[in-house]
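Scroll down for the structure; my scribbles are underneath it.
The values are calculated or read from the model by the stated rules, or taken from the named source; none is laboratory data. This is a predicted model, so every value here is computed, not measured. FYI the Cβ positions are ideal-geometry reconstructions off the backbone, even for glycines, and counts take in every protein chain you see. When the accessible area is computed, the model is the full protein with side chains, heavy atoms only, and any ligands, DNA or RNA have been set aside. Shrake-Rupley method; radii C 1.70, N 1.55, O 1.52, S 1.80 Å.
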Amino acid sequence: MGVAILKTVLAPAADYDLTDLATVKDELNIPSTDTSNDTWLARAISQVSAIVSRYCNRVFLPELLLETQYIEQDAYPNQTPGGIAPLQLSRWPILSLVSVAQVTAINSREALVQGTDFAVDFDKGQLIRLSPFTGVAMVWAALPTIIEYSAGYGAVAAENQTVPATPGPYTVTVNNAATFSFDGGVTYANGTAFTAVTGTPATAGEYSVAMATGIYSFNAADQGASIVIDYGYSDIPDDLIDAVLRVVTQRFKQKDRDPMLMSINQPGVGEKRWWVGTTAGRTALCRPRSPASWMASIASP
């Protein structure tokens, strides 16, 4: 049976880098005080991380998603039976499930309960439908199934905090700010939700978050309020970090070398050989150059 997936990212990751600048500089034995290569290294980290993600066809950083899976139905007149087992989500590992529901009719949904209606394989990102009569695994009915969940390498937190009192600033830094990935919302201790804004919170019940630092800002009217901050943070596996480090460090060590230069033999007269000739019209590979032509090449601009 086929499945069509409609996916919406409700809370994207703060960034998609699979390692950080400090780790790369440590790998290259570059002192933390030496910032001369920081711009290049930061660009390389992002580029290599994107290459890895695209090659694996996966997003590794934690995100909050809403996914509707349309399970193929049987041909008319028996349209509904069909079915599929298990239901594979587009992201994994699963960090948390917010809700799972099936569309039983137009404008009608049936909420499903984990442990009663379905089981979860968090590592594989799979939902297993359970029989309401026996509790054993069965196929999913060919009904649109809507799943809100967070997934990626890391964890989610529901952190109890208190908005600072006068004189402020009215900001809260979450415990895992260094690896902050996505914002899942803020509520008062009684469960009443705050409203997220992009600028400075103008009134009570509003908040903003700096994704790069994991710092939440509130209005002065909320000073002293007990709140709960839901968010995700990353924890990228060491083997994935190692793959990125290998490519970034290799690129760094080769970045000042001529990629077309094959060999240099300099004692006495000297010689250079390129994979592609530099003289106009030359197409042969690895053609050696005479000492005279080599000397002429290094003397010319």
Quiz item: Is the stretch 256-272 home to any residue that is crowded, with 17+ Cβ neighbours inside 10 Å and in contact (Cβ under 8 Å) with a residue 40 or more places away in the chain?
Solution: no
Quiz item: Out of all the residues in the stretch 107-145, which are in contact with a strand residue (DSSP E or B) (Cβ under 9 Å, 6 or more places away or on another chain) and of a type in the set (Gly, Ala, Ser)?
Solution: Ala111, Gly115, Ala119, Gly125, Ser131, Ala137, Ala141, Ala142
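Could you list, in sequence order, the residues of the stretch 79-109 that are over 24 Å from Asp121 (Cβ atoms) and in contact (Cβ under 8 Å) with a residue 40 or more places away in the chain? Break it down into steps so the answer makes sense when it comes.
Of the residues in the stretch 79-109, the ones over 24 Å from Asp121 (Cβ atoms) are 79-81, 104-108.
Those that are over 24 Å from Asp121 (Cβ atoms) and in contact (Cβ under 8 Å) with a residue 40 or more places away in the chain: Gln79, Thr80, Pro81.
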Quiz item: What number goes with the only condition from (1) open to solvent by less than 70 Å² (accessible area, probe 1.4 Å); (2) closer than 23 Å to Asp123 by Cα; (3) charged (D, E, K, R); (4) not in a loop (DSSP other than H, G, I, E, B) that Lys25 does not pass?
Solution: (2)
Practice problem: Kindly provide the set of residues from the stretch 28-47 that are in a helix (DSSP H, G or I) and either at positive phi or not charged (D, E, K, R) (or both), ordered by number. | Solution: Thr39, Trp40, Leu41, Ala42, Ala44, Ile45, Ser46, Gln47
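So, in the stretch 146-183, how many residues would count as being assigned to a loop (DSSP other than H, G, I, E, B) and touching a strand residue (DSSP E or B) at 6+ places or on another chain (Cβ under 8 Å)? Lay out the reasoning, then the answer.
Going residue by residue through the stretch 146-183, those that are assigned to a loop (DSSP other than H, G, I, E, B) are 152-153, 163-170, 174-176.
If we keep only those that are touching a strand residue (DSSP E or B) at 6+ places or on another chain (Cβ under 8 Å) as well, we get 152-153, 163-164, 169-170, 174-176.
So the count comes out to 9.
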Quiz item: What's the number of the condition Leu89 fails, among (1) at pLDDT 95 or above; (2) hydrophobic (A, V, I, L, M, F, W, C); (3) open to solvent by 70 Å² or more (accessible area, probe 1.4 Å)?
Solution: (3)
Exercise. Out of the residues in the stretch 133-178 that are closer than 22 Å to Ala225 by Cα and polar (S, T, N, Q), state the one that is surrounded by the fewest Cβ atoms within 10 Å (Cβ to Cβ).
Key: Thr166
Practice problem: Please indicate, with yes or no, whether at least one residue in the stretch 16-39 is touching a strand residue (DSSP E or B) at 6+ places or on another chain (Cβ under 6 Å) and either touching a residue at least 40 places away in the same chain (Cβ under 8 Å) or farther than 25 Å from Leu240 by Cβ (or both). | Solution: no
